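Heads up, the thing below is written out as structure tokens.
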Amino acid sequence: FLLILAMPPKAKKEAKPKTQPEGATKFGPMPESYLKKQKTVAALNAKLAAKASVDAKKRKQTRSEITKRAAKYHKEYKSTAANLVRMRREAKSYGNFFVEDEPKVLLVVRIRGINAVEPRTTKILQLLRLRQIHNAVFLRCNKATLNMLRLVAPYVTYGSPNLKTVKDLVYKRGFGKVNKQRIPITDNSVVESVLGKKSLICVEDVIHEIFTCGDNFKEANNFLWPFKLSSPLGGLNKKRISFIEGGDYGNRETKINAFVRKMI
């Protein structure tokens with residue numbers, strides 16, 4: 001008899017993974033130019049990520065600063081209005097008259113076109129940046145400005161704007177001058193890119209400078225493109241007759257606010 005012994009099966013050797021040199025694929029080694037490009041792209045992505053992190057922190061700080069400034073301006077406007085009411089009441093209680101300060105800022109609107117305009121009037125309107133009908137600009141109220149307005153009075157109407165009018169014009173019809181181009185003010189970054197060196201970083205800063213006629217009024221006003229308004233709702237009365245005679249042109253004082261509100 002033959003004795004057959006069952007032999008255990010031989011264990012298979014595990015195949016060791018083949019190691020490839022760095023930068024090599026199953027199709028062969030990568031080109032050196034491709035490896036360099038990978039390193040360049042990785043370094044650029046790391047740089048952009050670091051810049052994005054820094055910009056995010058800066059935007060957060062800027063938003064916080066803008067919120068603080070807006071709160072400070074609101075408190076200032078409210079205090080000024082309350083002080084004005086108090087002085088009026090005091091004057092009335094003593095039987096006196098309260099005379100308010102002369103306006104520091106004027107809002108000028110052009111109400112006539114270009115037909116039959118003499119050269120001197122045309123030049124003054126160009127200096128005032130009123131090149132088209134229904135254009136509006138803010139001007140500092142001084143002797144030189146008033147003399148120019150008297151010369152072009154039949155073509156414009158003007159008065160002292162209140163805070164609501166200034167805000168409505170800037171927020172609803174505001175365009176900025178960026179690299180000599182007319183850019184809509186859709187973000188505070190538009191203001192900061194042009195007026196950041198003057199410590200004006202948001203729209204509220206521009207409104208405050210215009211309304212209070214601050215130290216940077218000239219820069220803030222020059223940044224604002226002349227407002228292009230619509231025809232007044234309900235039309236004009238008689239543009240060839242002065243306002244004090246029942247017409248439209250000339251000084252309206254505080255009634256310019258109601259007039260401009262019909263054109264926004």
Would you list, by chain and number, the aspartates and glutamates whose Cα falls below 20 Å from the Cα of Lys57, excluding same-chain residues fewer than 8 positions away?
Glu65, Asp187, Glu192
Below 15 angstrom from the Cβ of Phe98, what's the summed charge of the other residues (Lys, Arg +1; Asp, Glu -1)?
0
So which residue, out of Lys239, Lys39, Lys58, gets the largest mean-square fluctuation from a GNM of the chain using Cα contacts under 10 Å as springs?
Lys39
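What do you get for chymotrypsin sites (Phe, Trp or Tyr not before Pro) in segment 56-134 restricted to DSSP loop and a cutoff of at most 10 other Cβ within 10 Å of the site's Cβ?
Details: sites: Tyr73, Tyr77, Tyr94, Phe97, Phe98; in loops: Tyr94, Phe97, Phe98.
Here the chymotrypsin sites (Phe, Trp or Tyr not before Pro) that fit, given the DSSP loop and packing criteria, are Tyr94, Phe97.
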Using a 1.4 angstrom probe on heavy atoms only, work out the carbon and sulfur share of the accessible area of the chain in %.
56
Return the whole-Å distance between the Cα centroid of segment 38-73 and the Cα centroid of segment 176-205.
18
What is the Cα centroid distance between segment 74-148 and segment 222-264, reported in whole angstrom?
12
With the other protein chains left in place, how much accessible area per residue, in square angstrom, belongs to segment 147-264 at a 1.4 angstrom probe?
52
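Within segment 25-129, report the GluC sites (Glu not before Pro) that DSSP leaves as loop and that have at most 13 other Cβ atoms within 10 Å. Spell out each step's value before the answer.
On the way: sites: Glu32, Glu65, Glu76, Glu90, Glu100; in loops: Glu100.
Qualifying residues, ordered by number: Glu100.
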Find, among the trypsin sites (Lys or Arg not before Pro) in segment 88-152, those assigned to loop by DSSP (not H, G, I, E, B) with at most 12 other beta-carbon atoms within 10 angstrom.
Arg131
FRET efficiency estimate (nearest 0.05) - Cβ-Cβ, Ile133 to Lys238, R0 25 angstrom:
0.95
Note to self, the chain gives a 222 nm [θ] from helices alone (DSSP H runs n ≥ 4, -39500 (n - 2.57) apiece, / all residues, nearest 500) of -15000 deg cm²/dmol
Return the single residue from Leu224, Leu236, Leu106 with maximal mean-square fluctuation; model: Gaussian network over the chain, springs between Cα atoms under 10 Å.
Leu236
Can you tell me the FRET efficiency between Ala42 and Thr62 if r is taken as the Cβ-Cβ distance and R0 is 45 Å, rounded to the nearest 0.05?
0.90
In this structure, among Lys177/Lys218; Lys167/Lys197; Lys167/Lys262; Lys58/Lys197; Lys143/Lys262; Lys75/Lys262, pairs with alpha-carbon gaps over 20 Å are Lys167/Lys197; Lys143/Lys262; Lys75/Lys262
Quick one: divide the alpha-carbon radius of gyration of the chain by 2.2 N^0.38 Å and tell me what you get.
1.89
Once Arg86 and Ala50 are pulled to full extension, the length gained, defined as 0.36 nm per residue separation minus their Cα-Cα distance, is 7.5 nm
Enumerate the amide H contacts of His134 below 5 Å, restricted to partners 5 or more residues apart or on another chain; note that Pro and chain-start residues carry no placed amide H.
Arg110, Ile111, Arg112
For a 18 Å ceiling on Cα separation, which of these pairs sit above it: Lys164/Lys239; Lys164/Lys255; Lys104/Lys255?
Lys164/Lys239
Calculated from backbone phi, Karplus (6.51, -1.76, 1.60) coupling profile of segment 255-263 in Hz, x at Gly/Pro
6, 5, 5, 5, 5, 5, 4, 7, 10
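The values are calculated or read from the model by the stated rules, or taken from the named source; none is laboratory data. Note that the structure is predicted; figures quoted are calculated from it, not measured. Neighbour counts run over all protein chains shown; Cβ positions are idealised from the backbone, glycine included. Please note that ligands, DNA and RNA were not included when accessible areas were found on the heavy atoms of the full protein model with its side chains. Shrake-Rupley method; radii C 1.70, N 1.55, O 1.52, S 1.80 Å.
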